[in-house]
Ligand code: NDP
C-alpha cells in the first residue's frame, strides 16, 4: 500500500519559502555568535560580521576541491563493490558503492600528510564564515540544477512529496527521488560524504587552532572531537543502513536535503568545537568520566536499536531477532513490539539525543550556544518522528494503531 502524498510538510508553501532564507542566515549568525567574546545567542542587536569576513577567494577553491576529492573517493573501486538498494516504484533496484568508511580513512591519511607537510589546518577557524557562505551558495545552485533536471526524469523516478506543481514547494522538497549522473547517485553521495566527513575535518581544524593558540588541545576539545568522530565513523561503517532511511526511500532530493547535507550539518554540528577555540573550558576528571559514560550509553542504545531493526528488516529469521515478538501488517511486513522497539517507538532517537547532550556538556554551563545542537536536534527528531508516524499509519493502518497501544511512548520512556 503506497502512502499518500503530503502537500503540507514543513509548513507547506510558507515553510518552503521562508526556510531557505531563514536557515542559511541562522548558520551564518550562529558562526558569528560563536566567535564573539560574549557568545550570546540572545544578544541584541545581533552580532553581524563585516562583509569582508564573509568572503575569501580560498573558500570556493576549498569547497569545490573538497567536493571533487570526495567524489573521487566515491568513484574509487574500494570496499564492497555495489549493493542493491530498496525496490523502487517501477520494481527496479539501484546499486550503490559501500565505501564511505574508506573515504573517511583516505581523508584521514591525506590530513596526516598535510599536517606533516606543515599545512596550517587551524586556519579553517578563520575561514569558517566564507566556507559556510560558499557551501550555502553550492546548496542553492545544486538544488536549482536538481529541480530543472527533474523535468526530464521519468514519472516513476519522482518522489511522492515534491510533485505538487508548486515550484517553491517542489524546489524545497525535491521532485526526483534518486537523481543520478550516470551511476553517480547525488543524494546518496551528499547524505554521508562531503558534509559528514567535512564536519569532522572542521572539528579537527578547530583542535589544531587550539593547539596554535594554547600549545595543546584541551580535554573538552578532545572529547568533542572524539565523540563526533565516533558518530561519523559509525554512520560510514554502517553506510548500508542509510539505504533504508526516510531520506533515501521517501524524500525527494531538493533544497531541504541538499542544504542540510552540505551546509547545515558541517557548519552547525561543529559549533561546539568552534566555540571551544574562543571560550576554553576546564573539565574535572569526574565530569569528563560522567560525560564519556553518557555518550557511551547514548551510543549503545542508538547502535543496538538501529542494528536490531536493520537486521530484522533484512532477515527476520536471523537468530538475533527471530525470537522477538512482532505484529503482522496488511503489507506483509511485520513490526517489532519487543526488544528495543518495544521500549519506545523510536529508541534510536533516544540514543541520538543522549549523545547530543554529551557533545554539549564539555562546553560548560555558562553559554546557551553549545546547547543549540541538543535543542535543535530535539525539535528535529520530534518533527521527524511525527512525519514517520504519519507515513507508518498510512502504510500499516490498524496494525500501526495496535503497535502504538502496545508501545505508548514515542521517544522518552514515560515522558513522551
Ligand atoms: P528510523 O531508522 O527510525 O526508521 C523509521 C522506519 O522504521 C519506519 O518508517 C518503519 O519503516 C520502521 N519501523 C518503525 N517502527 C518499527 C518497528 N516497531 N518494527 C520494525 N520496523 C519499524 O528512521 P530515521 O531515518 O529517521 O533514523 C535513522 C537514524 O538516523 C536514527 O538513529 C536517527 O537518530 C538518525 N538521524 C540522525 C540525524 C542527524 O542529523 N544526526 C538526522 C536524522 C536521523 P518500514 O516499516 O518501512 O521499515
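Note on the range 245-270: residues that are modelled with pLDDT under 95, near the ligand (Cβ under 8 Å from one of its atoms) and in a helix (DSSP H, G or I) total 3.
When the range 390-410 is filtered for residues that are more than 9 Å from the ligand (Cβ to nearest atom) and part of a helix (DSSP H, G or I), the ones remaining, listed by number, are 390, 393, 394, 398, 399, 401, 402, 404, 405, 406. Counting the residues of the range 152-171 that are surrounded by 12 or more Cβ atoms within 10 Å (Cβ to Cβ) and either at pLDDT below 85 or part of a helix (DSSP H, G or I) (or both) gives 10.
Report yes if residue 276 is more than 16 Å from the ligand (Cβ to nearest atom), in contact with a helix residue (DSSP H, G or I) (Cβ under 8 Å, 6 or more places away or on another chain) and either farther than 30 Å from residue 171 by Cβ or in a loop (DSSP other than H, G, I, E, B) (or both), otherwise no. Yes, satisfied.
For residue 141, indicate whether it is surrounded by 23 or more Cβ atoms within 10 Å (Cβ to Cβ) and either under 19 Å from the mean Cα position of the chain (by Cα) or under 21 Å from residue 20 (Cβ atoms) (or both). So that I can check it myself, show each step before the final result.
Details: surrounded by 23 or more Cβ atoms within 10 Å (Cβ to Cβ): no; either under 19 Å from the mean Cα position of the chain (by Cα) or under 21 Å from residue 20 (Cβ atoms) (or both): yes.
So residue 141 fails the test.
Which ones in the range 207-244 are without any contact (Cβ under 8 Å) to a residue 40 or more places away in the chain and out of contact with any helix residue (DSSP H, G or I) (no Cβ under 6 Å at 6 or more places or on another chain)? Correct list: 215, 216, 222, 226. Quick check on residue 360: is it crowded, with 21+ Cβ neighbours inside 10 Å, away from the ligand (no atom under 11 Å from the Cβ) and touching a residue at least 12 places away in the same chain (Cβ under 8 Å)? Against the criterion (crowded, with 21+ Cβ neighbours inside 10 Å, away from the ligand (no atom under 11 Å from the Cβ) and touching a residue at least 12 places away in the same chain (Cβ under 8 Å)), residue 360 qualifies. If you go through the range 217-232 and keep only what is outside any helix (DSSP H, G or I) and surrounded by fewer than 19 Cβ atoms within 10 Å (Cβ to Cβ), you end up with just 217. A search for C-beta distances below 6 Å between a residue of the range 379-403 that is farther than 13 Å from residue 333 by Cα and at pLDDT 90 or above and any residue that is part of a helix (DSSP H, G or I) and within 10 Å of the ligand (Cβ to nearest atom), counting only pairs 6+ apart in sequence or on different chains, returns 381/349; 393/400. There is no residue in the range 210-217 that is under 27 Å from residue 351 (Cα atoms), away from the ligand (no atom under 15 Å from the Cβ) and modelled with pLDDT under 95. When residue 352 is tested against (1) within 11 Å of the ligand (Cβ to nearest atom); (2) without any contact (Cβ under 8 Å) to a residue 60 or more places away in the chain; (3) not in a helix (DSSP H, G or I), only condition (3) is not met. Using the structure shown, decide if residue 324 is over 17 Å from residue 245 (Cβ atoms), near the ligand (Cβ under 10 Å from one of its atoms) and not in a helix (DSSP H, G or I). So residue 324 passes the test. Looking only at residues in the range 335-349 that are farther than 28 Å from residue 220 by Cα and more than 7 Å from the ligand (Cβ to nearest atom), the one that is surrounded by the most Cβ atoms within 10 Å (Cβ to Cβ) is 344.
The values are calculated or read from the model by the stated rules, or taken from the named source; none is laboratory data. Predicted model, so just to flag it, every value in this text is computed and none were measured. Here Cβ is always computed from backbone atoms with ideal geometry, including for glycine, and neighbour counts include all displayed protein chains.
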